[in-house]
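> Attaching a single structure in structure tokens format; questions to follow.
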Amino acid sequence: MNAPLPVQVLKQHLIDPEICIRCNTCEETCPVDAITHDSNNYVVDPDICNGCMACVPPCPTGSIDNWRLVLRTDAYSVQDQLGWEELPLEKALPEGADAGAGAQSALADPDAPAPSSAMAAPFSPAGASVPPWSAAHPYVNLYTHKAPMTATVVGNYRVTDADTESDIHHIVLDFGDLPFPVLEGQSIGILPPGTDAQGRPHHARQYSLASPRDGERAGYNNLSLTVKRVTEDHGGAAAHGVCSNYLCDLAKNDTVQVIGPFGHTFLMPNHPRANLIMICTGTGSAPMRAMTERYRRRIDTGENGRLMLFFGARTERELPYFGPLMKLPRDFIDINLALSREAGQPKRYVQDLIRERAAQVRDLLSDRNTCIYVCGLKGMEVGVLDALRDVAMQSGQDWSILHDVLRREGRLHFETY
Ligand SMILES: Cc1cc2nc3c(=O)[nH]c(=O)nc-3n(C[C@H](O)[C@H](O)[C@H](O)COP(=O)(O)OP(=O)(O)OC[C@H]3O[C@@H](n4cnc5c(N)ncnc54)[C@H](O)[C@@H]3O)c2cc1C
Ligand code: SF4
Ligand code: SF4
């Protein structure tokens, strides 16, 4: 008698629709375009995914790290997944199905340890996927969609001039007696109330912390966010951002549902005399405020390295936290403002200022205690990288080697959205 033929089994890569916050990071990361989405779900095409795992570490929620053993002929299609409200349970395989030797798996190595699944900043291949060596240990995913935490709004005010188009709010959330440990550079998720067009609860949106680890007010169990009210989409058409408008309209003593914290790589170094180069636009200033405030609170300890900030906005009046920022001592932080629409001034972008300050940037780049953080609009990545490359090349350094070192040592981080 002939032995039964090995049945093809697929270790199918799936995304948990209940946890996914639709941040698009995985779709941007996947090198073979196996991930797609509609207005409902992010899904993985079983005919394209090769199990390379590139999308797993950057996913901020861990929702991408789900796998089901299925007969290849029964694989869940893209259409199936787009309609899901939750992941299906694992089904028993028919007798004779062999997930081992003869089986086809979507995973290159099904037993390879997945890189720490949950929670990282949005991934940019240009940046590091590891934190600086001395970063403190971050706590992640302590509160989830199924068990969010309730925070109370203790402050909400606008930090851009009232007559400008850019309505950016500083929002302070208090956690009462419940633990919510965070580090500068991490983010949290907010669950806006209500449902989307399909009647499903709105998915969570991510917001970077604007306060340091010991709280917006030192010693208090609170944190702050910097939220821009979205009134138009990326193409400039009128739009009403669900979560940003909800947050900007919150009043004192309102409560919000919070998940997280997220992020295990976009973290600041924790060793004495580490230097920070911070490059940001708009609400990308949130993590830079958190890191700067961490340094400011220990200004008298002698532990601080140098801080250099490149901050881009259209005008001074649209620059969040402009007033408090300009009050910081110049020997504490080297502030460089790039304004692109200031009346009577030439347009300047952060990359222009990086080139103008090439000598100082080069000096910092050559110090292994320097970490670089870039946060803000997605479009800024290329310009910033080009400027850093030019600065490095001016001093005869090979940028491709230096770039690789910065990434490997967790010293160059991007968080753009
Ligand atoms: C890691 C991470 C950190 C983030 N940190 C911050 C932060 O500190 N502060 C902050 O304000 N936002 C931050 N965001 C963006 C935030 O998560 C939301 O995407 C943003 O507030 C819009 O959500 P919404 O519900 O208001 O808009 P939605 O209802 O989701 O979208 C409405 C429309 O606006 C478009 N849109 C979405 N976001 C923007 C945008 N930022 N600008 C213009 N159009 C947009 C959408 O494409 C859609 O057409 C971060 C995102 C990530 C991934
Ligand atoms: S495992 Fe690799 S191929 Fe599959 S979806 Fe993730 S990045 Fe794409
Ligand atoms: S939360 Fe994870 S699975 Fe969902 S879109 Fe973001 S990266 Fe992809």
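The values are calculated or read from the model by the stated rules, or taken from the named source; none is laboratory data. Given the structure is predicted, the values throughout are model-derived calculations rather than measurements. Virtual Cβ from ideal backbone geometry, glycine too; neighbours counted across all protein chains shown. Remember, those area values only see protein heavy atoms, side chains included, never the ligands or the DNA or RNA. Shrake-Rupley method; radii C 1.70, N 1.55, O 1.52, S 1.80 Å.
> State the number of residues belonging to segment 331-385 that are within 29 Å of Val227 (Cα to Cα) and either among the β-branched types (Val, Ile, Thr) or part of a helix (DSSP H, G or I) (or both).
So the count comes out to 16.
> If a residue counts only when it is open to solvent by 20 Å² or more (accessible area, probe 1.4 Å) and farther than 26 Å from His413 by Cβ, which strands (runs of 3 or more DSSP E) contained entirely in segment 135-201 have at least 2 such residues?
On the way: elements: 149-158, 168-174, 187-191.
Filter on segment 135-201 gives 149-158.
> Now for a different question. Quick one: which of Val391, Val384 is open to solvent by less than 10 Å² (accessible area, probe 1.4 Å) and closer than 29 Å to Cys26 by Cα? Let's see the steps before the verdict.
Values: Val391 fails: closer than 29 Å to Cys26 by Cα.
Every option except Val384 fails the conditions.
> Now a separate question. With the requirement that a residue be touching a helix residue (DSSP H, G or I) at 6+ places or on another chain (Cβ under 7 Å) and either part of a loop (DSSP other than H, G, I, E, B) or closer than 17 Å to Cys20 by Cβ (or both), what does segment 202-212 give you? Outline the logic, then answer.
Quick first cut of segment 202-212, residues touching a helix residue (DSSP H, G or I) at 6+ places or on another chain (Cβ under 7 Å) only: 202, 205, 208-212.
Scanning segment 202-212 gives His202, Arg205, Ala210, Ser211, Pro212.
> State all residues of segment 25-63 that are β-branched (Val, Ile, Thr) and within 14 Å of ligand 1 (Cβ to nearest atom); if no residue qualifies, say none.
Kept after step one, since they are β-branched (Val, Ile, Thr), are these residues of segment 25-63: 25, 29, 32, 35-36, 43-44, 48, 56, 61.
If the condition is that a residue be β-branched (Val, Ile, Thr) and within 14 Å of ligand 1 (Cβ to nearest atom), then Thr25, Thr29, Thr61 are the ones that fit.
> Right, another one. Please go through segment 257-276 and pick out each residue that is of a type outside the set (S, T, N, Q) and in a strand (DSSP E or B). Spell out how you get there, then give the answer.
Just the residues of segment 257-276 that are of a type outside the set (S, T, N, Q), to begin with: 258-264, 266-269, 271-274, 276.
Once the filter is applied, which keeps residues that are of a type outside the set (S, T, N, Q) and in a strand (DSSP E or B), segment 257-276 yields Val258, Ile259, Gly260, Pro261, Phe262, Leu276.
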